[in-house]
2 protein chains.
Amino acid sequence: MNIAVDAMGGDYAPHEIVKGAIKAAAEFDCDITLVGRAEILNVLAGKHRKPHINIVNATQVIEFNEHPVRAIRSKPDSSMVVGIKLLKEGKADAFVSAGNSGAEIVGSMLILGCVEGIERPPLCLLIDLNPAAPVLLVDAGVNADCRPNHLVQFAQLGTVYAQHILGVEKPRVGLVNNGEEETKGNRLAVDAYPLLKQAGVNFIGNIEGHEILRGKADLIVTDGFTGNVILKTIEGMSEIFQLHMKSATSLVSSTYNVQGEDFIRNLKASTWLRRMDYREHGGAYLLGVNGNVVRAHGRSQSRAMKNAIGLAAEAAEDNLAAIIRERQAEFVKQNVALPESDNTVHI
Amino acid sequence: MNIAVDAMGGDYAPHEIVKGAIKAAAEFDCDITLVGRAEILNVLAGKHRKPHINIVNATQVIEFNEHPVRAIRSKPDSSMVVGIKLLKEGKADAFVSAGNSGAEIVGSMLILGCVEGIERPPLCLLIDLNPAAPVLLVDAGVNADCRPNHLVQFAQLGTVYAQHILGVEKPRVGLVNNGEEETKGNRLAVDAYPLLKQAGVNFIGNIEGHEILRGKADLIVTDGFTGNVILKTIEGMSEIFQLHMKSATSLVSSTYNVQGEDFIRNLKASTWLRRMDYREHGGAYLLGVNGNVVRAHGRSQSRAMKNAIGLAAEAAEDNLAAIIRERQAEFVKQNVALPESDNTVHI
């Protein structure tokens, strides 16, 4: 099993990316192909190279502020394009990048192609802040504007993914909404609701913001704008908790005469601070393209990168992209019965 | 100063509503008119009635599951309609309800009327989890689908509100979005951005989910769907945080041999647990109708109700609705220069 890693993408590339890859090779027992400027990567990988780390040279780098489509077309020798091509050519079983997210997604669509019936591949992210109730979020941020049919496709893709990643036979699918009742929502949610009932998935109805972490659904679907806002609001809350914790700690430690740092360390040991840390995220999986593509957080340091590679290795091990393609082909036959939603929304 | 309170609305009505009203009368030195079934309210208010608690009889109650417009029209003697009419007739200076939220908003629009230039009155809620960076959210949940011009109106209404409630001279207005750059966003955000630059407010650009509590903006604007999801996601995070705290506490208290309950109490004393509790919310203010209308959480118990009445008293004291009406009239002249946004979105 070989995972191609964009060594030049992300705020902390290439150093932290290479460190994460070296850790991942050891922990997940997989081969890793670092894609990027070979002269730098040779030095960084150094003695760790053999037997599990390979390097493939790519002379160009796509920066964060570049326009995705233009960047993919104008930089054929970028670490992003070269890495995705390794996957296309079967020289890698999965691809991971923390670089320009738009470029990773557009590049995957253009080079690997979309699975039949999928118009807008979404990102799927596991939110596991509540260990008793992990939940997958689709779309975690790619498609800002969606039609109801897109949400149906997200639910179908996500169902197959959840079966494999969460090990749940009939994943419960919830629609992110602003109320419980079927009639609630913005136009997108109102129109998507009846389609989701006929989508061949285990649709359980609406999920409100406060229910996301309660374990009512295994999978929640929404447009990429709302998905992004949910995800980042959770990140921000995590930040503010840690801020409040610090001031609470000083009060408690002085009252009980215990040392602040020890106290914090013990709280951390009880896992919740760690769980809310995006550095622990395993990355997000791009659903609906012909290949296993994982998106790592742009601010990934070595630990986050290691975890993202772990997710890629898991997907590659299961041959997940191929399974999703097969299952989606069945959904496509069934979706013929669904009304094509209007692409015009009157507000 | 007299605050009309819908004594029959909310999950814990009428008992907790009346308790909250009695506390509020004492704390905020205001008169309160309880609206609802007099025979019950007389018993509940009992000895606390004089001199500050009055009762106005209303024989009907609008339930949570009723259709707002139909309920307002078919129940002229409901506590909701009678209460809003007291405000309309100048017999009260503000109105508060924890009942059917749609009915409260529609009732306010129909009975009090909208301020000139306002098509969709939004709810404005103060999020003060981070005491160093309180932020107002507009729309906190009324208008699920919005046009760009609505967000402009939210920004203008919210600016005047923030000046009074936060005491900030030039409130910084942020647009909730899924990225930093001007070109980011769904169609609504992309189209609203240039309008907000010309809206006569202190527009500072996009605010992502993780920045909401960081103090970059005094006021954030978004459609009511996204606003609702943000708010409820924050509620849910608060819940999961308290869950994690419990398990962390047992570890720490056994390690340091301190008692769990004392420990929790001390943490609470340092205020952050309390701040995340919706029961502490002061309610949300309905911007852009001709009168001071406050929305209390449907699950309000006495403390939340007391705080919502406190907000209503503050608004009444300042004559806030009148100030907003005047200031909006100035904005209206200026908005003539803005392009009317298309009410059709092609996705």
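The values are calculated or read from the model by the stated rules, or taken from the named source; none is laboratory data. Remember, it's a predicted structure, so these values are computed and weren't measured experimentally. Here Cβ is always computed from backbone atoms with ideal geometry, including for glycine, and neighbour counts include all displayed protein chains. Just the protein is used for accessible areas: all its heavy atoms, side chains included, with ligands, DNA and RNA removed. Shrake-Rupley method; radii C 1.70, N 1.55, O 1.52, S 1.80 Å.
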Equivalent ellipsoid, the range B:146-201 (semi-axes from 5 times Cα gyration tensor eigenvalues, Å): 21, 12, 9
Once ligands and nucleic acids are excluded and a 1.4 Å probe is used, how much of B:Val18 is accessible, expressed in Å² to the nearest 10? 0 Å²
Before anything else, pin down the relative contact order of the range A:104-171: Cα pairs under 8 Å, at least 6 apart, normalised by residue count, whole percent. 23 percent
Whole-number accessible area per residue in Å² for the range B:24-150, which is evaluated in the context of all protein chains at 1.4 Å: 41 Å²
Rounded accessible area of A:Met109 (nearest 10 Å², 1.4 Å probe): 70 Å²
Give me the percent relative contact order of the range A:67-226, please, defined on Cα pairs under 8 angstrom at least 6 residues apart. 24 percent
Once each part is reduced to its C-alpha centroid, what is the distance from the range A:114-181 to the range A:290-324 in angstrom? 17 Å
In the protein assembly as shown, what % of DSSP beta bridges are antiparallel (nearest 5)? 25 percent
Taking every DSSP bridge whose two residues both lie in the range B:103-261, the antiparallel percent to the nearest 5 is 25 percent
Using only helices, what value at 222 nm comes out for the protein assembly as shown when you add -39,500 (n - 2.57) per DSSP H run of length 4 or more and divide by the total residues, to the nearest 500 deg cm²/dmol? -14500 deg cm²/dmol
Mind checking the per residue accessible area of the range A:153-223 for me, 1.4 Å probe, whole number of Å²? 34 Å²
For the range A:115-158, inverting the pair-averaged 1/r of distinct alpha-carbon atoms gives a Kirkwood value in Å of 11.2 Å
Determine the equivalent ellipsoid of the protein assembly as shown by diagonalising the alpha-carbon gyration tensor, then write out the semi-axes as square roots of 5 times the eigenvalues, largest first, rounded to whole Å. 48, 29, 23
Beyond 14 Å, how much of the Cα-Cα pair distribution for the range B:80-126 remains, as a whole percent? 51 percent
Test of understanding: express the Cα radius of gyration of the range A:1-132 as a ratio to 2.2 N^0.38 Å, with N the residue count. 1.06
10 Å Cβ shell holding at most 10 others, DSSP loop, GluC sites (Glu not before Pro): longest site-free stretch of chain B: B:170-339
Return the Rg/Rh ratio of chain B with Cα-based radii and a Kirkwood Rh. 1.00
Let me cross-check B:Ser302: its accessible surface, 1.4 Å probe, with only protein heavy atoms counted, in Å² to the nearest 10? 10 Å²
Note to self: Kirkwood Rh of the range B:115-237, Cα pairs, one decimal, Å, is 14.0 Å
Inter-copy distances for B:Ser74, nm, shortest first, label points 7 Å along Cα→Cβ, are 6.2
With the label 7 angstrom out along Cα to Cβ, how close does B:Lys333 come to the same site in each of the other copies, in nm, nearest first? 6.9
Of all DSSP beta bridges located in chain B, what percent are antiparallel, nearest 5? 25 percent
Averaging sequence separations of C-alpha pairs under 8 Å and six or more residues apart, then dividing by the length of chain A, give the relative contact order as a whole percent. 22 percent
Summed for both chains, how many Å² of accessible area, to the nearest 100, are buried between B and A with a 1.4 Å probe? 5500 Å²
Shortest first and in nm to one decimal, what separations exist between B:Arg303 and its copies in the other chains, measuring from label points 7 Å along the Cα-to-beta-carbon line? 3.4
Whole-percent carbon and sulfur share, accessible surface of the protein assembly as shown, 1.4 Å: 48 percent
For the range B:277-324, which trypsin sites (Lys or Arg not before Pro) are in a loop by DSSP, counting at most 15 other Cβ atoms within 10 Å? B:Arg299
Identify all lysines with a Cα-Cα distance to B:Lys75 below 26 Å; exclude those on the same chain that are fewer than 8 residues away in sequence. A:Lys184, B:Lys19, B:Lys85, B:Lys88, B:Lys91
